[in-house]
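The values are calculated or read from the model by the stated rules, or taken from the named source; none is laboratory data. Computed from a prediction, not measured in an experiment: that's the story for all the values here. So basically every Cβ, Gly included, is an ideal-geometry build from the backbone, and we count neighbours across all protein chains shown.
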Amino acid sequence: MIHKQVVNHRQIAWLVGSVLMTGMMISLLRSIVQVARMDAWFSQILPIFYAFLIAYVLSGLVEAYPGKNIFEILFIIGGKWIGGTINLLILFYIWIILALDIKVAADFLHISLLPTTPMEIILLVFMLLLMYYGKTSLEVAARVNEFYFPLFFIMWISLYFLLMNEYNVERLEPILTSSLDRIVISNLFPLGVYGDIFLFGAFLHAIVEPRLFHAAMKHGIIIVGFMTTILLLVLLGVLGFIIVGRLNFPIHILVQQIHVTDFLDRVEIILFSVWFPAFTTKVTVTYLAFLVGVGSFGGQRHYNTFNAPCGWFMVVSSILGFPNVVQNDQFISYSLPMIVLGFQLPLALFLLIHVRRKNKGREQSLIPEGTKLYRFYRSMVWGTTVCLIGCVIVILIGDFLKDKSAIGGIVTALVYIALLLTALFTSYGEMQALNHGKQRLGKAKQAGTFRQ
């Protein structure tokens, strides 16, 4: 039920991490490597900025229309016909994401783990799981994700140490020798996956504090950017860009290279058992967003009525819409970014202009100005901004120096990683500062003052 969904800032940040990261790991990385080759790990900075834009728009909608989701907001802004048409387009976009995700997951399971099981059976079982979660709410998915996402994060960060004996830094060199055009194009491919953050518009009714919601989404986005960068570094350092560019599921081949001891050589089964629940959370969020959108047309705040028919519809449409692995990969890499730029971006810009006008003159701060906590918060905000802009500048400088200095690429690469890691910490500091400000402001209202 819509009105009973409440999620906190940590759950939002980790849900963003699961939604954006788990789907990207199946097949998108191959296309990025094919274009940027050994410099593919510079491909996350522009998608981060785009996701920041969507997060800012969604937080503005929360402030302008508290207690409403994006479907209800569009009905209010555009009326029955214009708002309904836009909502239908959003539903079609969500259907594309959902059908693609469950089909790609079924293909992966069929090829790598269950080769003798019919594809239809895998899809049916997976969809039954989603229909079970469809009877619940986002709050349930967020709580499940709280258990699995930390394990998921630690698992992928530890890949470097697990594959240290297979890693060869020479496979990454020379760094930043790909043309700037190729690096820019490789930054466009992940836009289709980072655009999935738009799904959280279906759950704006569950958000109480827009500023904290914005900070949590920013932190989740940077988690994804940092994790994907490290994953690409490990992938290229172990397999090389030639092999990665030819594999349908490069991550599966990567984890198969892990050999901890002579008797423990199937570590990929353990890693898969952590990845699959996190990926299921991602698909569950998409499915719940689809149900919320369908229910909005009937004025339904109890969307359980549409659970069963929508589930069977997704099973059939995913088989017909995305028939094979190669076409799925091409759609994720080339068509999905164009859909995001052609539909989602104009809609986001329109909503941005609208909420800027509607929220004009509203100043809501969780932290009173002049306090130590406020100064810390502002330093964290500026730290994140400066670090991310610095990543762009580093790439431009590295492109300029690549023909003049042999160590220029290495130095710029180290600075790039350091800036991205710093942005991860500063975004966390920003989120925590707002959370503490919210708690202290609540106590201050009871006591009559805000003490620092």
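The single residue among I417, I319, I397, I410 that is farther than 27 Å from L61 by Cα, more than 27 Å from the chain's Cα centre (by Cα), at pLDDT 80 or above and surrounded by 15 or more Cβ atoms within 10 Å (Cβ to Cβ) turns out to be I397. For segment 197-217, indicate whether the set of residues that are surrounded by fewer than 18 Cβ atoms within 10 Å (Cβ to Cβ), assigned by TED's automatic domain parsing to the domain that holds L163 and among the β-branched types (V, I, T) is non-empty. Yes. Close contacts from segment 74-98, counting a first residue that is assigned by TED's automatic domain parsing to the domain that holds S296 and closer than 30 Å to T280 by Cβ and a second that is buried (at least 20 other Cβ atoms within 10 Å of the Cβ) and among the acidic types (D, E), with Cβ to Cβ under 9 Å and a gap of 6+ residues or different chains, come to I97/D196.
If we keep just the residues of segment 99-125 that are within 22 Å of the chain's Cα centre (by Cα) and of a type in the set (V, I, T), which is farthest from C310 (Cα to Cα)? So the residue we want is V104.
Considering (1) more than 21 Å from the chain's Cα centre (by Cα); (2) crowded, with 21+ Cβ neighbours inside 10 Å; (3) within 21 Å of A216 (Cβ to Cβ), say which one N69 fails and leave the rest. If we test N69 against (1) more than 21 Å from the chain's Cα centre (by Cα); (2) crowded, with 21+ Cβ neighbours inside 10 Å; (3) within 21 Å of A216 (Cβ to Cβ), just (1) comes out false. For M338, indicate whether it is under 24 Å from T85 (Cβ atoms), modelled with pLDDT of 75 or more, buried (at least 17 other Cβ atoms within 10 Å of the Cβ) and of a type in the set (A, V, I, L, M). Against the criterion (under 24 Å from T85 (Cβ atoms), modelled with pLDDT of 75 or more, buried (at least 17 other Cβ atoms within 10 Å of the Cβ) and of a type in the set (A, V, I, L, M)), M338 does not qualify. Of all residues in segment 141-184, those being more than 19 Å from the chain's Cα centre (by Cα) and either hydrophobic (A, V, I, L, M, F, W, C) or not in a helix (DSSP H, G or I) (or both) number 20. Looking across segment 356-387, the residues that are under 30 Å from T85 (Cβ atoms) and either at pLDDT 90 or above or assigned to a loop (DSSP other than H, G, I, E, B) (or both) come down to N359, K360, R362.
Every residue, every condition in (1) at pLDDT 80 or above; (2) touching a Leu at 6+ places or on another chain (Cβ under 8 Å); (3) outside the structural domain of M164 (by TED's automatic domain parsing), yes or no:
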position	(1), (2), (3)
I243	yes, no, no
I258	no, yes, no
V267	no, yes, no
W275	yes, no, no
Y287	yes, yes, no
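Has segment 160-181 got at least one residue that is surrounded by 20 or more Cβ atoms within 10 Å (Cβ to Cβ), among the small types (G, A, S), closer than 29 Å to L98 by Cα and in contact with a helix residue (DSSP H, G or I) (Cβ under 9 Å, 6 or more places away or on another chain)? No - not one qualifying residue is present in segment 160-181.
Counting the residues of segment 351-377 that are surrounded by fewer than 14 Cβ atoms within 10 Å (Cβ to Cβ) and free of Cβ contacts under 8 Å to residues at least 60 places away in the same chain gives 7. In this entry, L188 is excluded by the filter for residues that are surrounded by 23 or more Cβ atoms within 10 Å (Cβ to Cβ), under 18 Å from the mean Cα position of the chain (by Cα) and aliphatic (A, V, I, L, M).
So that you can scan it fast, the table gives a plain yes or no per residue for (1) under 24 Å from I96 (Cα atoms); (2) out of contact with any strand residue (DSSP E or B) (no Cβ under 9 Å at 6 or more places or on another chain); (3) in the same structural domain as V415 (by TED's automatic domain parsing); (4) not basic (K, R):
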| site | (1), (2), (3), (4) |
| --- | --- |
| R30 | yes, yes, no, no |
| I48 | yes, yes, no, yes |
| L53 | yes, yes, no, yes |
| Y65 | no, yes, no, yes |
